[in-house]
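A.B. asks: What follows is a structure written as structure tokens; I'll ask about it next.
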Amino acid sequence: MIIKKGELKILAQKLLDFLGDETPILEDNYWIISSDNWTNFPRQPDADVGSLADDWYFLQRLLHEDNAVSASDLDRLSSILRAISQEINPI
């Protein structure tokens, strides 16, 4: 699979347009499955605990400070998007 940046931008905008102006997140902690475990299906993965509040704090620093973006920020954003999805449509 190849993900094209242009298509990802369009999809992200469509999904953001779907949301309201604010989404309250009621939970903070969530399970993190490390990258080397999340596609290793024969093995039961170990999990760590992540914090949505911490993720949001570090992402907001990208808005207000001259910090370099890292791959960890993609993980943080994906956790925030997952939390928003759960608030809108709990599964």
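Read the figures in this text as sums done on the coordinates, not as results from a lab. Keep in mind that this is a model prediction, so the values were computed, not measured. Using ideal geometry, Cβ is built from the backbone for each residue, glycine included, and neighbour counts are taken over all protein chains shown.
A.B. asks: Please give the charge dipole size of region 25-88, origin at the Cα centre, charges +1 on K and R Cβ atoms and -1 on D and E Cβ atoms. Round to the nearest 20 debye. Can you show the working numbers first?
C.D. replies: Values: 4 positive and 12 negative charges, 41 e Å.
For this selection, approximately 200 debye.
A.B. asks: In deg cm²/dmol and to the nearest 500, what is the mean residue ellipticity at 222 nm of the chain if only DSSP H runs of at least 4 residues count, each as -39500 (n - 2.57), divided by the residue total? Could you put the intermediate results ahead of the total?
C.D. replies: Values: 3 runs with 45 residues, N = 91.
Rounded to the nearest 500, it is -16000 deg cm²/dmol.
A.B. asks: Also: Using the basic label-point model (7 angstrom from Cα toward the beta carbon), what is the D21 to L81 distance in nanometres?
C.D. replies: Result for the modelled spin labels: 2.4 nm.
A.B. asks: Here is a further query. Of the options L52, I88, V69, report the single residue whose Cα projects farthest towards the positive end of the charge dipole of region 25-88 (beta-carbon charges: Lys, Arg +1; Asp, Glu -1).
C.D. replies: In region 25-88, that residue is I88.
A.B. asks: Still on this structure, I have one more. For the chain, what does the relative contact order come out to in percent, with C-alpha contacts under 8 Å and a separation of six or more? Walk me through the intermediate numbers first.
C.D. replies: On the way: 55 pairs, mean separation 23.1, N = 91.
This gives 25 percent for the chain.
A.B. asks: Okay, next question. At a Förster radius of 30 Å, what calculated FRET efficiency corresponds to the Cβ-Cβ distance of H64 and R43, to the nearest 0.05? Could you put the intermediate results ahead of the total?
C.D. replies: Working: r = 40 Å, r/R0 = 1.34.
Here the calculated transfer efficiency is 0.15.
A.B. asks: Name the shape class, rounded, prolate or oblate, that the alpha-carbon gyration tensor gives for the chain, where a ≥ b ≥ c are the square roots of its eigenvalues, rounded holds for a/c under 1.5, and otherwise prolate holds if a/b is larger than b/c and oblate otherwise. Each step should come with its number before you reach the end.
C.D. replies: Values: a/c = 1.31, a/b = 1.24, b/c = 1.06.
Rounded is the answer for the chain, as its axis ratio a/c remains below 1.5.
A.B. asks: Right, something else. Report the residue, chosen from I25, I33, I80, that carries the largest GNM mean-square fluctuation when the chain is represented by alpha-carbon nodes joined by springs under 10 Å.
C.D. replies: Ranking I25, I33, I80 by mean-square fluctuation puts I33 first.
A.B. asks: Could I ask something else about it? Any idea which of I33, S78, M1 is furthest toward the positive side of the dipole for the chain, if Lys and Arg beta-carbons carry +1 and Asp and Glu beta-carbons -1?
C.D. replies: M1
A.B. asks: Gap in Å between the Cα centre of region 70-91 and the Cα centre of region 2-62?
C.D. replies: Computed from Cα coordinates, the inter-centre distance equals 3 Å.
A.B. asks: Report the full-extension gain for the segment D36 to K14: residue separation times 0.36 nm, less the Cα-Cα distance, to one decimal in nm.
C.D. replies: Values: separation 22, 0.36 × 22 = 7.92 nm, distance 3.07 nm.
Answer, rounded to one decimal: 4.8 nm.
A.B. asks: Next up: Give the value in nm², to one decimal: projected area of the alpha carbon convex hull of region 9-61, averaged over all directions. The partial results should precede the final answer.
C.D. replies: Numbers: hull surface 22.8 nm².
Taking the Cα atoms of region 9-61, their convex hull projects to 5.7 nm² on average.
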